[in-house]
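Encoded as structure tokens, the structure appears first; notes follow it.
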Amino acid sequence: MHAKRVKHDDLKPDLERLGHDLEAISAFTEPGHDGWTRRVLSDPYLASRAFVRQTMVEAGLEVHTDAAGNTIGILEGRTHGSAIASGSHTDTVASGGRYDGVVGVMGAIETARRFQETGTRLDHDFYVIDFLGEEPNDYGVSCVGSRVITGAVTPEFFDKSSAEGVSLGQEFERLGFSPAAMLDAAWPTGRLAGFVELHIEQGPVLERSGTQLGVVTTIAGIERVLATFLGRPDHAGTAAMADRKDALVAAAEAILMVEQIGCSGEHSVATVGSIDVEPGALNVVPSLSRLWTELRSPSAEWLGTARRRLLSEFTDLADRRGIQVDLEWLNDQDPVHTAQTVQDLIAGTSDSLGYSWRAMPSGAGHDAAHIATVTPTGMIFVPSRGGRSHCPEEFTELADIGIGVHALAATLLELDAR
Ligand code: HGY
Ligand code: MN
Ligand code: MN
Ligand code: MN
């Protein structure tokens, strides 16, 4: 006996209420930055999570925070066996946008409201999840909450140290999390019967093609590496050019190599997103440079080749310049195919609701990439204006978000009935 069969159309979200939620959470940001900044474990982030928790409570959910630091709101089902889930993240990159991740969390909360308001009692418990720390933290590690519940963390995960010598584990302990508990917080197999994440596309495809929804087929794999070049400090006025061991010039050459690697495959990209230089004085030949680098592709094979190519080219470069290079691989995320069964549910409900859709890959990483390792998982995209994201210009029309939330609710109803 499945849930009372509400009509898909009745699950349309209350746009004004959804818009209010999106507006309210965008008030939480680090002052003095362009755009929105809610870095994991920062005060604005901790304050925004209290808001999300309260919003879940007011939406009639039973709320708790698990050992992984995920905020989970539960709408009880009829059977309490396994659960179906939806959610995303509410942390941001520095000077980022106000839709990345947020749309998936507030959209899932609105969906829970609509199930209750239409008297829809699902068979499965429905989990609404705000995952901890999806964006790469200062240690280069992303998707903390979804990795923990899928058993994708190891003790080394917490040993990573900052330049100041503070480990990720110590940082989490400072804020009341227990790395030991996190290492033991994987959810039992079968706890989830399915997961769907609503997210902004963060690219131009839907807008350019005039399509309302994206049905995500694969989520790009990501290799992140911290490359440290160790040269020699010298007087900038007396050290002859031929004698220098300049760590910053080496970094400049390495950055162009990364660009060439990124251009070497279809749908592949490669980026050096941040650089540190020491000692950072105008009249001292740089002795050290750190390059925070990532490689992405939907192809595991390309990622393997690119990783080996980066290693060999950086090593040759360091040898040629008589300096040292150290590579710390930070986190890897394999490319993930979403479940065909869930893709079909999203496509079918979009058709039944009369929304246009297209199957497409995701160049961005998501919590769904980890959840997909333990349960049938799908993703729904809504358009990003100008394809822009991870910047203050990130924007998606409320009406477009509403279409995504509507498709999400209908998809979850069908997922529940499977
Ligand atoms: O980096 C990403 O792909 C995601 O937006 N965190
Ligand atoms: Mn992001
Ligand atoms: Mn995101
Ligand atoms: Mn069922």
Given the condition under 26 Å from PRO136 (Cβ atoms) and either out of contact with any Cys (no Cβ under 6 Å at 6 or more places or on another chain) or charged (D, E, K, R) (or both), answer yes or no: does some residue in the stretch 231-246 qualify?
no
For the stretch 213-228, indicate whether the set of residues that are of a type outside the set (Ser, Thr, Tyr), touching a Leu at 6+ places or on another chain (Cβ under 8 Å) and within 27 Å of GLY348 (Cβ to Cβ) is non-empty.
yes
For SER362, indicate whether it is in contact (Cβ under 8 Å) with a residue 40 or more places away in the chain, away from ligand 4 (no atom under 16 Å from the Cβ), of a type in the set (S, T, N, Q) and in contact with a Gly (Cβ under 7 Å, 6 or more places away or on another chain).
no
When the residues of the stretch 86-112 are filtered to those that are more than 13 Å from the chain's Cα centre (by Cα) and within 21 Å of ALA193 (Cα to Cα), which remaining residue is farthest from ligand 3 (Cβ to nearest atom)?
ALA112
Within the stretch 196-207, identify whether any single residue is within 16 Å of ligand 4 (Cβ to nearest atom), of a type outside the set (Lys, Arg) and under 18 Å from the mean Cα position of the chain (by Cα), and answer yes or no.
yes
For THR90, state whether it is in contact with an Asp or Glu (Cβ under 7 Å, 6 or more places away or on another chain), away from ligand 2 (no atom under 16 Å from the Cβ), open to solvent by less than 10 Å² (accessible area, probe 1.4 Å) and closer than 20 Å to ALA368 by Cβ.
no
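Matching residues to (1) touching an Asp or Glu at 6+ places or on another chain (Cβ under 6 Å); (2) modelled with pLDDT under 95; (3) within 16 Å of ligand 2 (Cβ to nearest atom):
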| residue | (1), (2), (3) |
| --- | --- |
| THR373 | no, no, no |
| PRO376 | no, no, no |
| VAL382 | yes, no, yes |
| GLU393 | no, no, yes |
| ASP400 | no, no, no |
| GLY404 | no, no, no |
| LEU408 | no, no, no |
Inspect all residues belonging to the stretch 68-76 and state whether any of them is within 16 Å of ligand 4 (Cβ to nearest atom) and not in a helix (DSSP H, G or I).
yes
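Here is a list: LEU230, LEU213. Which entry is touching a residue at least 60 places away in the same chain (Cβ under 8 Å) and buried (at least 20 other Cβ atoms within 10 Å of the Cβ)?
LEU213
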Answer from GLU135, GLU164, GLU171 - the residue that is over 24 Å from TRP357 (Cα atoms), charged (D, E, K, R), touching a residue at least 60 places away in the same chain (Cβ under 8 Å) and assigned to a loop (DSSP other than H, G, I, E, B):
GLU135
For the stretch 356-384, which residues satisfy the criterion of being surrounded by fewer than 18 Cβ atoms within 10 Å (Cβ to Cβ) and in a loop (DSSP other than H, G, I, E, B)?
SER356, THR373
Residue ID - farthest from SER82 (Cα to Cα), chosen from residues in the stretch 392-418 that are touching a Gly at 6+ places or on another chain (Cβ under 6 Å) and in a loop (DSSP other than H, G, I, E, B):
PRO392
Does GLU253 fit the bill of being touching a residue at least 24 places away in the same chain (Cβ under 8 Å) and closer than 23 Å to ALA369 by Cβ?
no
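The values are calculated or read from the model by the stated rules, or taken from the named source; none is laboratory data. Remember, it's a predicted structure, so these values are computed and weren't measured experimentally. Positions of Cβ are generated from backbone atoms using ideal geometry, with glycine treated the same way; all protein chains shown enter the neighbour counts. Side chains are part of the model used for accessible areas, which takes the heavy atoms of the whole protein and leaves out ligands, DNA and RNA. Shrake-Rupley method; radii C 1.70, N 1.55, O 1.52, S 1.80 Å.
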